Amino acid sequence: MPALLKNLSRKLGMMPFGFHGGVEVDQRKLTASMAIEDCALSPVLILPMKQHIGEACTPLVHVGDYVKRGQKIARAEGYVAAPVHASASGKVVKIEEHRIAHPSGMGLPCIFIEPDGDDASETLEPWEDWAERDPGELRERIRMCGLVGLGGAVFPTFIKLVRDQRHAVETVILNGIECEPYLTTDHRLMLEHADEIVAGLAIIRHMVGAREAVIAIEDNKPDAVETMRRAVVAAGLEDVRVTVMPTRYPQGSEKQLIQAITGREVPAGKLPVHIGVLCQNVGTAQAVFHAVRHGRPLTERVVTVSGEAVPRPGNLRIPFGTPVRFVLAGRGLEDLNDIHIIHGGPMMGERLRNIDVPVVKATNGLLAVPEPQMSSMQSSEQPCIRCGHCSEVCPVMLVPNLLADHCRNDEFTRAEQYQLFDCIECGCCSYVCPSTIPLVHYFRYGKGQLAQIRRSEAFAEESRLRSEAREQRLEREKQAKAARRSRVRKTHAPAEPSDNNATGKEES
Amino acid sequence: MTQFVAAVSSLGAFALVAGIILAIAQKAFRVEGDPMVEKIDALLPQTQCGQCGYPGCKPYAEAVASGEADVNHCVPGGERTMLQIADLMGVEPKSLEEEAAAPMLAFIREDECIGCTLCIKACPVDAIVGAPKQYHTVIADHCTGCTLCVEPCPVDCIDMLLKPELIEHWAWPLPDTTRARLGQERRSQHAGAA
Amino acid sequence: MTEFALILVSAVLVNNYVLTKFLGICPFLGVSGKLETAIGMSFAVMFVMTLASTASWLVQTYILVPLDLLYLQTIFFILIIASLVQFIEMMIHKTSPVLYQALGIFLPLITTNCAVLGVALLNVQQEQGFISSVLYGFGAALGFALVLVLFSGLRERIDYAPVPAVFKGSPVALITAGMMSLAFMGFSGLVKL
Amino acid sequence: MPIISSPHIHNGDSIRLTMLTVILALLPATAAAVYLFGWLAFLSIATAVLSCVLTEILCLRWMGRSTASALDGSAALTGLLLALTLPASLPWWMVVLGSVFAIVLGKQVYGGLGYNLFNPALSARVILLISFPLNMTTWLVPMSAASAALDLYDFQLCLAFFLHGPQALGLTLDAITMASPLGHVKTEWTRGVGVPEALAAYHYSYLNAFLGSEAGSMGETSALALLIGGIYLLARHTITWHIPFSYLATVLLLAAVFNMLDPNHFAPPMFHLLAGGLILCAFFMATDPVSSPVTPAGQIVFGIGCGILTWCIRSFGGYPEGAMFAVVLMNCAVPLIDHYCRPRVYGHGADE
């Protein structure tokens, strides 16, 4: 009875769900009951040198080299980076810039591999005794294997898996929410590989030394809850809690999930670890298990290929680098007229302007939807009637309509004052807007412009310092010269011509 | 007569009191230097390019603060800088005389360089390294694209190239809708209100 | 006590200087473009108006009436206001150069702001006691500040609106001021003094 | 191919749908108005709605903007709301004038839907009240049938009255009108008669006020019909509870406290609630999304402000009814309220 009351008051908007706002979206999980299949091997694999958040990698192979699946072909430069591994055995045919799934339509250097079909693979030493190993060692393994968060943010995983004295991780949250419509990769993974996910969770817990572990699943996946509960018991990890959350978008967002489970907010500009929480996607947990237990680097992932325009939707295990066109063709979608392809989910994914881009670590879904469904809401922006629905649904409690006004009119100082950078771009505001204002687009515009302004301000400041330093140096040199001249004049009464006129040359 | 005296003396005394208070206030609230110069200088792009007709960004800032120069002479700063300065100064924005060009970088064709160091001396931000009789090269991260080094080069080996676009620096454009264009219009009207 | 409260309410709302007496319109339209500027201007005017009504009452009671110099009233009052404005100008220049720039010409123009002189003149005409005069001056200033700040908020919103070309700028601002004035008529009769 | 940002799906809500919902919510009040004031109400409402839509089309055409937005229901809603706040005895040209004011000065001058600062219907009503104080405070006796001087259910008579005024029918306004409860109490108070006495002399009944048969503006009299509409809007989530609740609660609280202190001067809370346009304003005018604050905290501040002003003007002011002034006055403060009542953003100033 209390649960019913709670549900009712939530529905009436009188009580928040675990986090502020959010929306109920039409689930459209067409592929929920379809088992994961292997995708055919594409004749060419295109591996971008950056498939994570952070700095790009440097190729380690040359054109003509033979590589094995799992072989490291690009080295991570810098700390926030993840190396790239060959996703099939074959020959490196070229290394050049190629389009990637990015709204700009710009490209990145990519390694092109022509698979030979032998599927010769290279793995690291399998560690069955991971429980006895040092967390630092395990962390290095995860870094070597190129693991990134597979929920969509693609943040290098090893960075989060750290034992920090100041911020001890108390709770590990395994994110099996998958709140985006259409997507069912995590759902299927939990159904089919529950044991591997639970083992991955155990490894993660061992690494960060967390007391508490929670697996969070939304109540629209009761079968996954059941399977995970059984897997937890089977693994002998009775203290791992499998919690069922009410279905609500964007519960799968890290900050919102943490708030819903712990009731605490991640302070602005800080990481979850600052409040003692670590959040990992279930897919990442599985990848951690494979990396540690089998020494297998990250070379493939499960992708939901779905949408009303796909003849044969499904959940596919796709090697990285497989062109999207090849994947879609494999599911019977060849004619792309009047069809939109979305990379990711419909709420946060990007529409692809070119489908020759490769599947990368961030690809959790490939959706094909008929055009009218989406284009009707685009470009028909009506004036804002200030209904306030956007503020109601905003999970970070912004005032989206006012914020968009500031962005549209280039009042960026105001936009910053209205906390533009706290927007998580979940799309709830645009989803409910009766005037179909592309609010998220305005925020992205504002963020981009502000970033540019900050960059140019920083550059201006640097230039100013450099210019001032130069002026001072010139002044010093002038004085030194004058002093030298007067000294020379004093010693040799008749004036001598000045000796040196290239004074700036010692600078190098 | 008495009334006249009363009027003059009372008014005079009152004025004197007010004058004394103001004199004291003048002392108390003396403003050292002109804080506006610093504020304007902070808004300028610091390319030190001299396209404004002043020898650098700071001198231009001084000229603007004193009202000697208009707010619309900074070419690389473009419309945004002009609007910010106008806003700070509380004056009407003026339209720019020249369109800001795309950001450029100087590039030295090293095989043609004779190592004369003339460009090094011209560079206002020390972005060129080299020594006499050695190849010079431009530190791309430091170059402001001011073109001041192009002129002095005796063998014409310096090219101005477009600054390469990075995918990380790509910024979303405004959405392609009528409302978005209305915002644009508003801005251009603000800018064009000369 | 009630009387003082009524004086305040009367000066702030019922007999608002801008919206019902139509005094001080120039700064009302001139510096209401931005909220921050309007707030700065409000404080400057509050300072000047309160002190001006205080000083003018003192001058009126202790200099002009005893010496029978009422014909010098305007000169005296302008002298007071001008000195106060000079004073606050120096103060703002020192404390907030940005506000100083933003207020621009309107800061020295407080001197000739009809609302300020109006308060001083009306105040002594009403022949009230000292505290009432001070309160009246303060109330009038508060009313001016309230309306100025409200109006600047409205204008910031208008600034984003696709106002038809003929109404852009002052016309739509004046229409808005008119609407505010109509709304303030709702206060009429609220206080009978 | 233009760059399109996520999200790629939408819940299907639209401006037209919102406007239609509000119009639907006003239907009970409209029906009550027609029931209470007969054909006159029908004529006024039709005139107001039509002239609002026509004015909007003309304005848009004149400005060279797309006239499609004139049919999104917002102009019709403005007309309907305006008509409901008017006395039924108003001649046609005042109704038309009010509608033109509402659309031109209230809305199009600012750039059309979404940009108006004041509630268009209420600002038109304020303009009419100040321009024609007598006509705007003359209230027809509701439900007057054949026995009365003017049969409200006789279409011919009503049309003649509407077009040519009472003189054409050989009537004086006095014969067919009466004071509204609020106006009656105010005039009696100025004559030195206390509130309880004045109400007794008026034969005031709470039940009549709730059902709507007391004198007043066409759509304001029936609290019942308005509440049905208001609850519908709340249930449809077109409005939130913040403004109506805080508005009504403030008026009730102030009225209750002061009524306890001095029952002779201050009317009881139920009287305030049911009299005049309070309920209409609380559910339909103050909640007009365009001219009210966006944030929940701002909406509560807005409601409280409206409540205080309404009660003050009613209790002390020169005008008997303060609800519309209160809403228009608070409309002035909306940008500031919006600016200062923003919610605390996630991760800012929370624990730690």
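A short reminder: the numbers here are calculations on the coordinates, not readings from a lab. Computed from a predicted model, the values in this text were never measured in an experiment. Every residue, glycine as well, gets a Cβ built from its backbone with ideal geometry; the counts of neighbours run over all protein chains shown.
Of all the Cα-Cα pairs you can form in the protein assembly as shown, what percent are over 43 Å apart?
I get 56 percent for the Cα pairs in the protein assembly as shown exceeding 43 Å.
What three numbers, in Å, describe the spread of the alpha carbons of chain D along their principal axes, ordered from the longest?
So the three principal-axis extents are 71, 52, 32 Å.
How large is ³J(HN,Hα), in whole Hz, for each residue of the stretch D:107-118 in order, when computed from phi with the Karplus curve 6.51 cos²θ - 1.76 cosθ + 1.60 and θ = phi - 60°, using x for Gly and Pro?
Residue by residue, the stretch D:107-118 yields 9, 5, 4, 8, x, x, 3, x, 10, 5, 8, 10 Hz.
With a cut-off of 18 Å, note down the residues of the stretch A:412-432 whose backbone N falls inside the zone around a label point 7 Å from the Cα of A:Ile453 toward its beta carbon.
Label zone hits: A:412-423.
Starting from the Cα-Cα distance between B:Glu68 and B:Ile114, subtract it from 0.36 nm times their residue separation and give me the gain in nm to one decimal.
So the chain would gain 12.3 nm between B:Glu68 and B:Ile114.
So, in Å, what gap is there between the alpha-carbon centers of the stretch D:221-257 and the stretch C:82-97?
The distance from the Cα centre of the stretch D:221-257 to that of the stretch C:82-97 comes to 49 Å.
Which ³J(HN,Hα) values, rounded to whole Hz and listed in residue order, are derived for the stretch A:56-66 from phi using the Karplus coefficients 6.51, -1.76 and 1.60 in 6.51 cos²θ - 1.76 cosθ + 1.60 with θ = phi - 60°, glycine and proline given as x?
6, 8, 10, x, 10, 10, 10, 4, x, 5, 9
Can you list residues from other chains, or at least 5 along the same chain, whose modelled amide H is less than 5 Å from the amide H of A:His85?
Amide H to amide H, under 5 Å and 5 or more residues apart or across chains, A:His85 pairs with A:Ile73.
Less than 18 Å from a label point 7 Å out along the Cα-to-Cβ axis of C:Ile105: which backbone N atoms in the stretch C:6-32 qualify, by residue?
Answer for this model: C:24-32.
Can you compute the helix-only [θ] at 222 nm over chain A? Use -39500 (n - 2.57) per DSSP H run of at least 4 residues, normalise by all residues, nearest 500 deg cm²/dmol.
That comes out to -10000 deg cm²/dmol.
Of the candidates D:Gly79, D:Gly298, D:Gly277, which one comes out as most mobile in a Gaussian network treatment of chain D with C-alpha springs shorter than 10 Å?
Comparing D:Gly79, D:Gly298, D:Gly277 in a Gaussian network model of chain D, the most mobile one is D:Gly298.
With just the Cα atoms defining each centre, how far is the stretch A:160-190 from the stretch C:1-77? Give it in Å.
64
Please tell me the relative contact order of chain C in percent, rounded to the nearest whole number, where contacts are Cα pairs under 8 Å and at least six residues apart.
Normalised by residue count, the contact order of chain C is 43 percent.
Pull the list of chain B cysteines that no other Cys approaches to under 4.7 Å, Cβ to Cβ.
B:Cys52, B:Cys57, B:Cys74, B:Cys113, B:Cys116, B:Cys123, B:Cys143, B:Cys153, B:Cys157
So which residue, out of D:Ala33, D:Ala326, D:Ala249, gets the largest mean-square fluctuation from a GNM of chain D using Cα contacts under 10 Å as springs?
Looking only at D:Ala33, D:Ala326, D:Ala249, the largest GNM fluctuation is found for D:Ala249.
Subtracting the Cα-Cα distance from 0.36 nm times the residue separation, let me have the gained length for A:Glu468 to A:Ala131 in nm, one decimal.
Stretched fully, the A:Glu468-A:Ala131 segment lengthens by 115.5 nm.
Counting each DSSP H run of 4 or more residues in chain D as -39500 (n - 2.57), what helix-only mean residue ellipticity at 222 nm follows after dividing by all residues, to the nearest 500 deg cm²/dmol?
Theoretical 222 nm ellipticity from helices: -18500 deg cm²/dmol.
To the nearest 20 debye, what charge dipole does the stretch D:12-178 have about its Cα centre, counting +1 at the Cβ of each Lys and Arg and -1 at the Cβ of each Asp and Glu?
The dipole magnitude comes to about 420 debye.
Using the alpha-carbon centroid of each, what span in Å lies between the stretch B:112-161 and the stretch A:456-479?
Value for the Cα centre distance between the two parts: 17 Å.
Which of B:Cys157, B:Cys52, B:Cys123 moves most in a GNM of chain B, Cα contacts under 10 Å?
Judging by the Gaussian network model, the answer is B:Cys157.
Taking each residue in D:338-345, count the Cβ atoms of any other chain within 10 Å of its Cβ, then average. What number comes out?
What the average comes to for D:338-345 is 6.
Starting from the eigenvalues of the Cα gyration tensor, five times each then square-rooted, give me the equivalent ellipsoid semi-axes of the stretch A:228-307, largest first, whole Å.
24, 18, 16
Determine the relative contact order of chain D: mean sequence separation of Cα pairs under 8 Å and six or more apart, normalised by residue count, in whole percent.
This gives 17 percent for chain D.
If each residue of separation counts as 0.36 nm, what is the full-extension length gain between D:Trp62 and D:Ile228 once their alpha-carbon separation is subtracted?
55.9 nm
When only C-alpha pairs under 8 Å and at least 6 residues apart count, what is the relative contact order of the stretch A:379-478, in percent?
With pairs under 8 Å counted, the relative contact order is 29 percent.
For the protein assembly as shown, what is the percent of antiparallel DSSP beta bridges, rounded to the nearest 5?
65
Between A:Met106 and B:His142, how high is the FRET efficiency from 1/(1 + (r/R0)^6) when r is the Cβ-Cβ distance and R₀ = 30 Å? Nearest 0.05.
Given R0 = 30 Å and the Cβ-Cβ separation, E is 0.75.
For the pair A:His167 and C:Leu67, how long in nm is the line joining their label points, each one 7 Å along Cα→Cβ?
About 7.3 nm separates the two model spin labels.
Treat every Asp and Glu Cβ in the protein assembly as shown as -1 and every Lys and Arg Cβ as +1, leave all other atoms uncharged, and give the resulting dipole magnitude about the Cα centre to the nearest 20 debye.
With Lys and Arg at +1 and Asp and Glu at -1, about 1360 debye.
How fast does the stretch B:104-162 diffuse by Stokes-Einstein, in µm²/s, taking the Kirkwood radius from C-alpha pairs at 20 °C and 1.002 mPa s?
The calculation lands on 197 µm²/s.
Within the stretch A:237-333, report the GluC sites (Glu not before Pro) that DSSP leaves as loop and that have at most 13 other Cβ atoms within 10 Å.
Those that pass, being in a loop and sparsely packed, are A:Glu238.
Once the Cβ-Cβ distance between A:Glu24 and A:Asp223 is put in as r, and R0 is 25 Å, what FRET efficiency do you end up with, to the nearest 0.05?
Step by step, r from the Cβ atoms, then E = 0.75.
Can you show me the helix-derived [θ] at 222 nm for chain B, built from DSSP H runs with n ≥ 4 at -39,500 (n - 2.57) apiece and divided by the number of residues, rounded to the nearest 500.
-12500 deg cm²/dmol
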